[in-house]
1. Calculate, for residue 755 and residue 634, the FRET efficiency according to 1/(1 + (r/R0)^6) with r their C-beta to C-beta distance and R0 35 Å; round to the nearest 0.05.
2. What translational D, rounded to a whole number of µm²/s, comes out for the range 707-762 from Stokes-Einstein when the hydrodynamic radius is the Kirkwood one over Cα pairs, at 37 °C and 0.692 mPa s?
3. Using the beta-carbon distance between residue 627 and residue 158 and R0 = 56 Å, what value does 1/(1 + (r/R0)^6) give for FRET efficiency, to the nearest 0.05?
4. Express in nm, to one decimal, how much length is gained between residue 261 and residue 336 on full extension, taking 0.36 nm for each residue of separation and deducting their alpha carbon distance.
5. Between residue 692 and residue 574, what is 0.36 nm times their sequence separation minus the Cα-Cα distance? Round to one decimal in nm.
6. Between residue 103 and residue 39, take the C-beta separation as r, use R0 = 45 Å, and let me know the FRET efficiency to the nearest 0.05.
7. Please give, to one decimal in nm, the separation of the simple spin-label points placed at residue 706 and residue 372, each 7 Å out from Cα toward the Cβ.
8. Highest first, please rank the peptides 618-625, 511-518 by the mean number of other Cβ atoms sitting within 10 Å of their residues.
């Protein structure tokens, strides 16, 4: 209880008042499921109520109920508009600081009457596209799904939901209701005081009737002096929470670390040129009489934090900023660059180019420049990288130099742009516009305190300088780079990195223009280069990862064996019925080449057949889809026992990489694939041979996953199409039996098909 009680009180510091008159009354805020009341009385007194509900008295014990409401924390929405991988369902978790809650949330799946399989959301880290307030990943398709929250008392709340067949995306918002988790009870002690305590906890609150309240006892003596010092220390002081005694005298004292602060803007810029890896941060607040002391306090805190790291490791990773306090003497520079916000914080690169502007002084925006984690550092890197790339292209630098400038913008799995489409004019740099883009939140708080600080971090948003790059020139240069490298005798790893990012739509094009694109001729040539040098590239990537002490040998998610298939699959999602058939066939050709390189990777095969299904629907043809899956099926199972073969395949795959959570998920992925192709035949085919092949696949899916109602439904309809009416009716009865009441929509569809079979109107 204490943690929640203290954390909640911190919200008071964020309360501000406008010039408008505040009327007395009762105000309510709904803070992520936690209702808080503020009562303002006519006599200028207030009450802030965090807990409310009902109470009951049993014997001598007072029980408090419904604290903070009964909100479960989950708001769930289902959608059929997503495009997940075959046998998968997309999941989207939203909510303020959603990523901070991942470790306490679980998602489970259940097929039929089998035991549910649970997985912590943070375990999807390799698949999650991280955004502070939104997480996106995929789970295995099942009949039911569970959402679970485990609180700080290890009490778990499990909610079970039906997953209809036509649903391919689960969206849920999480609003934790921590007040509602608190269990309070009260009783009288021997002094007749009312003791209120969280059940099973210590440190109770002691209450007396207000009429019996004693006067506050005042101290007999007052201090001569009271002052507050940030980062207070003295020689030989023990580190907080350090069990090993005083600080080693050989270490640098944190208080000795000094940042060099120049006394005018010109000197600050000249000094910044000597440290090209650092940014220059300018604080401008000339009308504030306390601006110098606030700036000095900030610098002292930064110096102490940097000195703390310097006592046991290099500061290179953390010392990324030079600082300067602008004065009224610098007003002309601000006017020249059309900076009108007063106060404001400006960030420049070492060459004096403006990278970002932020309303408010450095003292206000100090959280953005936290030593341990600077909230805007990665965004500044990106702005700087785009600027450098633009200069290289504009100066007609050699292709090798341009490639080097593309590298900082080539990060697998992260294609987010800084800039939304709408922009506004700015000055200083040629061809520059600017717009507001939220900085990343730097909060790294415990789950039960994350929401308490939200208002604190909802401060001014950085405005990043946007560089306008000529799209045609950029693509023309990229085409030249590709044409040069296709002649390489051995793979160039810089080109490999840029190529992988580019075809994944997470490279320079995506980051600059904030758009995805189908492969052009240059990217198809880059893919050919990657496939031709596949083995050498993989060997070199693994060698580099072993050299990286932070990398795990089994971590393959940024190597070609993962990135290339993922990139091609993501591109297939961009294909529409309007996309030319030549392009679609060319993309399928890439899939086939990758399957040759990754024999035994069923994920690759699933992706291929998913793409082939989509293209077959676009072309309104079944031939390629049916014939190629039939070849794959016969080659995989060879007419023998599926379970034995899959067991052997799973063991062989696990020895290489664990890309399936367990054996059940692995084998069911094959069953799902067979059912998916078989259902395509149900919907699209009148070819007797295709129907017979589909029956073979469907029967196989049920040998792998017995009594699955959806698979039974598919098989029943295939039997009927094959002229086996009674067999079809019996199988459909089984489907209805096993579907039960788990999926009312699917059940109704099955019932309709069943009635048509019996009446001969199917």
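Any read-out appearing in this document is the output of simple, stated calculations on the displayed coordinates, not a laboratory observation. All figures in this text were calculated on a predicted structure; none of them were measured in a lab. Neighbour counts are summed over all protein chains in view; Cβ atoms, including those assigned to glycine, are modelled from backbone coordinates with ideal geometry.
1. The value I calculate is 0.45.
2. It comes out at roughly 307 µm²/s.
3. Numbers: r = 45 Å, r/R0 = 0.81.
The computed FRET efficiency comes out at 0.80.
4. Taking 0.36 nm per residue and subtracting the Cα distance, the gain is 24.7 nm.
5. Full extension from residue 692 to residue 574 adds 39.2 nm.
6. According to the calculation, E is roughly 0.80.
7. Using points 7 Å along Cα→Cβ, the separation is 5.4 nm.
8. Working: 618-625: 14.9, 511-518: 16.5.
In descending order of packing, they fall as 511-518, 618-625.
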